[in-house]
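Below is one structure, written out as structure tokens, with a few remarks after it.
The values are calculated or read from the model by the stated rules, or taken from the named source; none is laboratory data. Bear in mind that the values here come from a model prediction, so they are computed numbers and not experimental data. Glycine gets a Cβ as well: all are built from the backbone with ideal geometry, and neighbour counts include every protein chain shown. Heavy atoms of the whole protein, side chains included, go into the accessibility calculation; ligands, DNA and RNA do not. Shrake-Rupley method; radii C 1.70, N 1.55, O 1.52, S 1.80 Å.
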Amino acid sequence: MLDFKEMRDDGVEFEQLIRELLLAEGLDVHWTGVGPDGDKDLIAIESYEGILGSIKRKWVVQCKHNAHSGKSVSKDDLNIMETCLAVDADGYLLACSTQPTSALIRHFKEIQDNKGLETRYWDSIEIEKRLMKPNNFHLINVFFENSSKKIGWKLFNTQDTKFWMAYFKKYFIYLSSRDSLTFSELKFVEKIIEITEAFNGIDRKELIGIERWTNNIEYLVPRAVHYDDKNTNFTVFLDYMFYSGEKPKARAVDFNEYFNQDNWNVDGACVKWDIRFVEANFASDHFRINHKDYYKMYMDNFKTGYERDCSITDFMYDDYDFIEKTIIDYEFQDFIESADYTYSFDKMESDIIACLKEKEGGSALIETVLNFCRKNNDFDSSDGRLLNTWQIVYLNSIMKLREKGILSSKYGSPKGVVTLSEKGRNMCNYYDTILRKGKR
């Protein structure tokens, strides 16, 4: 049972719930402003195809949220005819979080019989029944946070005997099996969701010396779980959703580290994580984390467990631009914690600038810069464990110099090109002696 007392007693949230429910049911909905009784009325346009053409019906929707008092809605609480005549409505719908009185129900019938006005009511039971439909489940999580935790799993049949649609917590998840007519334990899927939500809960993650927020209006959403019962392994399909027009704060390397290295085995079963980046406008009325558009293109993948073409795991190293593609070696963390680490980042940045300054035309391939820095600091004589790490350190410095505007990147070369920016050249001309000696 849903507890309508979870919504504020001023009725605003209840009105928003009814609006969202009508929108989810396919109606065109907008506010009329403040009604004669102090509440905001809704206008809902119902459209459907008749035999001879399209038919439209305009409904006035009035919302009464009496759950906190427990009071039924009476005839005296409404002014049905006046409200409908004011907007030339064809029908009237009462939505209430308790129930109408028996006298009001009789009044509805009288109006319909004598005035020709369609009348309907949604009481708390009817609203809950509509919210329990699969396409409306997401509203339960939004408006009934506490009640949603008590609902548990909801499973629905599909036309395929090895394919099910499930709702759990706030997620729509498709479940499929390779051969079996039953799915594996749902407790396993709950564990998958826990792992996913734990990634969303990482407030700040340190990766190669760079701190990034990973859960600021960005989330990882489970879409489907395929069970290969023949080989006892799973494929989990996830979408990483980030704000449209912005660069996602998490990168492919984060997923590789967290899922493919730390969570490739879950309760003894091998898990393959299929993850894709998804741009979304979170401010749009069209946006839902469980919108059908995020599922319909990949239904065959969800049924068979085949990796999606746009999966991050397909291009783990093809991640945005060259410098960030290359900074994917977690040995960096070990390197900076090592007792052998004696080079400051300021010294490294000065090495990079000095190399670029010596090049006529002001540009050099990244390999040239790295070789210069390697020889300049004699990394070959370092601890063998660190030989593969020195370039990661310098690549990190290259990126930081680019963020400061001292370096800029050029594209068109598979290796990538870095060059001193105008700001960098001006700094070299003015502070030539200081920069060449590595002093800041």
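Per the 1.4 Å probe, what fraction of the accessible area of the stretch 48-130, in percent, lies on carbon and sulfur atoms?
Working: 2250 of 4620 Å².
Carbon and sulfur: 49 percent of the exposed surface of the stretch 48-130.
Want the number for Asn157 to Glu190: 0.36 nm per residue separation, take away the alpha-carbon distance, what's left?
Working: separation 33, 0.36 × 33 = 11.88 nm, distance 1.95 nm.
Fully extending the segment from Asn157 to Glu190 adds 9.9 nm.
Take Ile217, project a point 7 Å from its Cα along the Cβ direction, then tell me which residues of the stretch 252-296 have their backbone nitrogen under 12 Å from it.
280-284
If you take every residue apart from Thr232 with its C-beta less than 14 Å away from the C-beta of Thr232, what net charge results, scoring Lys and Arg +1 and Asp and Glu -1? Please list the in-between numbers first.
Details: positive: Arg178, Lys230, Lys272; negative: Asp179, Glu185, Asp228, Asp229, Asp267.
Taking every Cβ under 14 Å from that of Thr232, the sum is -2.
Using 0.36 nm times the number of residues separating Gln112 and Glu197, minus their current alpha carbon distance, what extension gain do you get?
Values: separation 85, 0.36 × 85 = 30.60 nm, distance 5.05 nm.
So the chain would gain 25.6 nm between Gln112 and Glu197.
Output ³J(HN,Hα) for the stretch 95-102: one whole-Hz value per residue in order, computed from phi by the Karplus curve 6.51 cos²θ - 1.76 cosθ + 1.60 with θ = phi - 60°, and x for Gly and Pro.
Calculated HN-Hα couplings, in order: 10, 9, 8, 10, 7, x, 6, 5 Hz.
Taking H placed 1.01 Å from N in the peptide plane, check which residues at least 5 places from Leu238 or on another chain put their amide H under 5 Å from its amide H.
Correct list: Arg223, Asp274, Ile275, Arg276.
Mind giving me the nanometre distance, one decimal, between the label points for Ile45 and Lys150, set 7 Å out from Cα along Cα→Cβ?
Rounded to a tenth, the inter-label distance reads 4.0 nm.
Between Asn260 and Asn426, what FRET efficiency follows from the Cβ-Cβ distance if R0 is 41 Å, with the result rounded to 0.05?
On the way: r = 44 Å, r/R0 = 1.08.
Calculated value: 0.40.
Please identify which residues in the stretch 104-119 have an amide N closer than 20 Å to a label point set 7 Å out from the Cα of Leu85, following the Cα→Cβ vector.
Residues 107-119 qualify, since their backbone N sits under 20 Å from the label point.
Excluding same-chain residues fewer than 8 positions from Lys404, which lysines have a Cα within less than 26 Å of its Cα?
Lys205, Lys247, Lys249, Lys325, Lys347, Lys357, Lys359, Lys375, Lys415, Lys423, Lys437, Lys439
Taking 0.36 nm per residue of sequence separation and subtracting the Cα-Cα distance, how much length would be gained by fully extending the chain between Lys347 and Arg374, in nm to one decimal? Numbers along the way, then the final one.
Details: separation 27, 0.36 × 27 = 9.72 nm, distance 1.27 nm.
Result: 8.5 nm gained on full extension.
Output the peptides 174-182, 273-281, 348-356 sorted from most to least packed, where packing is the average of other Cβ atoms within 10 Å over each peptide's residues.
Working: 174-182: 15.7, 273-281: 19.4, 348-356: 21.4.
For the peptides 174-182, 273-281, 348-356, the packing ranking is 348-356, 273-281, 174-182.
Pop out the ³J(HN,Hα) list for the stretch 395-405 in order, Karplus 6.51 cos²θ - 1.76 cosθ + 1.60 with θ = phi - 60°, rounded to Hz; leave Gly and Pro as x.
My calculation for the stretch 395-405 gives 5, 4, 5, 4, 5, 5, 5, 5, 4, 7, x Hz in order.
Nearest 0.05, what FRET efficiency do Glu403 and Tyr243 give at R0 = 25 Å with Cβ-Cβ as r? Provide the component values of the computation, followed by the final result.
Working: r = 20 Å, r/R0 = 0.82.
Step by step, r from the Cβ atoms, then E = 0.75.
A 21 angstrom limit on the alpha carbon distance is what I want to check against. Which of Lys64/Lys115; Lys187/Lys230; Lys150/Lys303 exceed it?
Lys64/Lys115; Lys150/Lys303, as the Cα separations exceed 21 Å there.
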